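The values are calculated or read from the model by the stated rules, or taken from the named source; none is laboratory data. Quick caveat, the model's predicted, so the values are computed rather than measured. Here the Cβ positions follow ideal geometry from the backbone for every residue, glycine too, while neighbour counts run over all protein chains shown.
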Amino acid sequence: MNEIYVTGQKKELTSDNVFYLAHVDAPFLSVYPFAAVFRCMVAVNPNDWVHTHFPMRGVTFEDPEPYTLTTGDILAFDYLRELHYITSTSNQNEEHPLRINLKLHYLVYPTWLPTYGKILGQLANWYNMLGRKTFLMTLTPDTVSAKISAASLLAWTKIVEFTHRFIGATNLVYTLLLAGIAFLLKNATIFLASTSFVHYLIYIATFFYRRNVSYGTFLRNAVFFKSLAMGQLLFWYIYYFQFDPISLTLVLVGYGLSFLAYFRLGSLRTYFGVELGKIAPQQIDTFPYGVLPHPMIVGNIIGLIGLEMLEPLRVALPWLVPLHIAFYLVHLVQEILDIHENTIASITKKN
């Protein structure tokens with residue numbers, strides 16, 4: 001797997017174009033838990049025209065920070081899990097028309113699980129050899145079958161990119177596994193209970209921890225599980241629906257207020273862009289801000305109370321809405337008191 005990696009100019013239709021698309025190597029190994037293979041890129045010649053990008057690290061997927069490796073520079077990343085790609089600019093260095101890097105790989109696993117960790121290393125090595133054969137077959141596609149293979153490889157890469165960008169491989173496996181268990185046991189509560197509260201844990205942990213957060217990954221995970229939770233609340237509300245004007249009014253007013261608050265803040269401010277240092281603080285005074293404290297959480301709680309007012313839903317799933325409200329209240333207290341790692345450390349130091 002360790003090799004000398006040479007980058008030339010991008011071609012029209014070839015397997016090399018995969019490197020110019022956001023991709024992970026060995027996508028089926030992205031969900032291998034408790035172990036990782038890190039790729040370490042060591043630049044061995046001057047380069048100012050080929051740039052490496054990690055689109056899930058920053059604020060926007062489309063414009064990630066470039067890493068331009070030139071002689072002596074080193075860059076390491078989890079190449080089985082982290083989307084990455086390269087771009088090239090037109091100012092190709094005439095004296096050094098190729099970018100030459102040394103690829104080194106490091107297997108990381110718990111010391112008490114050596115065999116388990118080495119299995120990942122063997123699987124990664126096997127996939128690397130298989131992938132290399134496929135690349136060589138489609139490197140210069142001069143037949144119809146080779147061109148179809150190259151196009152298929154590029155299409156599969158886009159599918160993997162979509163999955164990692166909007167869902168997450170681990171999230172997908174977790175969700176499908178729970179759906180399968182719930183289906184086999186004929187118990188929808190298993191799926192409902194296991195997927196309805198994950199986004200709160202993500203909120204609370206990220207708000208508290210804050211250091212070295214891959215913002216795109218955090219945003220993807222939070223939005224995915226929030227959407228899954230809200231979708232299930234909507235499903236069960238419709239499933240048990242009987243006309244109740246108070247319930248319906250609270251749902252519409254509460255979630256309407258929450259959506260308006262989100263619209264005022266925008267996605268970045270809603271999802272801790274300020275707290276994580278991605279954007280500068282800004283005072284928002286447009287209604288509902290300036291009138292109601294924490295209107296997004298308050299709106300969600302009002303909407304949840306409306307759901308709880310629907311008697312058939314309350315009787316069938318008595319624990320669902322109260323748990324949602326409890327998690328929101330925990331996070332609300334965390335926001336009001338600004339409880340995070342730095343504040344805890346500062347209090348501890350004073351004492």
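Residues in the range 288-307 that are over 27 Å from the mean Cα position of the chain (by Cα) and over 13 Å from residue 248 (Cβ atoms): how many?
6
State all residues of the range 37-54 that are of a type outside the set (S, T, N, Q) and either more than 19 Å from the chain's Cα centre (by Cα) or part of a loop (DSSP other than H, G, I, E, B) (or both); if no residue qualifies, say none.
Matches in the range 37-54: 39, 40, 41, 42, 43, 44, 46, 48, 49, 50, 51, 54.
Can residue 246 be described as touching a helix residue (DSSP H, G or I) at 6+ places or on another chain (Cβ under 9 Å), over 30 Å from residue 344 (Cα atoms), touching a residue at least 60 places away in the same chain (Cβ under 8 Å) and of a type in the set (Val, Ile, Thr)? So that I can check it myself, show each step before the final result.
Values: touching a helix residue (DSSP H, G or I) at 6+ places or on another chain (Cβ under 9 Å): yes; over 30 Å from residue 344 (Cα atoms): yes; touching a residue at least 60 places away in the same chain (Cβ under 8 Å): yes; of a type in the set (Val, Ile, Thr): yes.
The answer is yes for residue 246.
Looking at the range 32-54, which of its residues are of a type outside the set (Val, Ile, Thr) and farther than 18 Å from residue 97 by Cα? Reasoning before the result, please.
Residues of the range 32-54 of a type outside the set (Val, Ile, Thr): 32-36, 38-41, 43, 45-49, 51, 53-54.
Answer for the range 32-54, where residues must be of a type outside the set (Val, Ile, Thr) and farther than 18 Å from residue 97 by Cα: 32, 33, 34, 35, 36, 38, 39, 40, 41, 53, 54.
Considering every residue within the range 165-176, establish whether at least one is farther than 21 Å from residue 23 by Cα, in the same structural domain as residue 272 (by TED's automatic domain parsing) and crowded, with 18+ Cβ neighbours inside 10 Å.
No - not one qualifying residue is present in the range 165-176.
From the list 211, 165, exactly one residue is in contact (Cβ under 8 Å) with a residue 12 or more places away in the chain and either in contact with a Pro (Cβ under 9 Å, 6 or more places away or on another chain) or among the aromatic types (Phe, Trp, Tyr) (or both). Which is it?
That would be 165, the only listed residue that is in contact (Cβ under 8 Å) with a residue 12 or more places away in the chain and either in contact with a Pro (Cβ under 9 Å, 6 or more places away or on another chain) or among the aromatic types (Phe, Trp, Tyr) (or both).
Name every residue in the range 96-114 that is in contact with a helix residue (DSSP H, G or I) (Cβ under 7 Å, 6 or more places away or on another chain) and assigned to a strand (DSSP E or B), in order of residue number.
107
Search the range 149-162 for residues being closer than 11 Å to residue 23 by Cβ and buried (at least 16 other Cβ atoms within 10 Å of the Cβ), and hand back the single one that is modelled with the lowest pLDDT.
153
How many residues are in contact with a Ser or Thr (Cβ under 8 Å, 6 or more places away or on another chain) and part of a loop (DSSP other than H, G, I, E, B) if we restrict to the range 55-68?
First, the residues of the range 55-68 that are in contact with a Ser or Thr (Cβ under 8 Å, 6 or more places away or on another chain): 56-57, 66-68.
From what's left, part of a loop (DSSP other than H, G, I, E, B): 56-57, 68.
Residues that pass the stated criteria total 3.
Does residue 289 satisfy being in a helix (DSSP H, G or I) and either in contact (Cβ under 8 Å) with a residue 12 or more places away in the chain or closer than 23 Å to residue 203 by Cα (or both)?
no
Limited to the range 107-135, what total is found for residues that are at pLDDT below 90 and not aliphatic (A, V, I, L, M)?
Qualifying residue count for the region: 6.
Exactly one of (1) assigned to a loop (DSSP other than H, G, I, E, B); (2) among the basic types (Lys, Arg); (3) without any contact (Cβ under 8 Å) to a residue 12 or more places away in the chain is unmet by residue 278. Its number?
(3)
So how many residues does the range 193-205 have that are surrounded by 19 or more Cβ atoms within 10 Å (Cβ to Cβ) and farther than 10 Å from residue 222 by Cα?
2
Residue check: is residue 240 surrounded by fewer than 19 Cβ atoms within 10 Å (Cβ to Cβ) and more than 25 Å from the chain's Cα centre (by Cα)?
yes
In the range 292-343, which residues are more than 17 Å from residue 200 (Cα to Cα) and small (Gly, Ala, Ser)?
Once the filter is applied, which keeps residues that are more than 17 Å from residue 200 (Cα to Cα) and small (Gly, Ala, Ser), the range 292-343 yields 306, 316.
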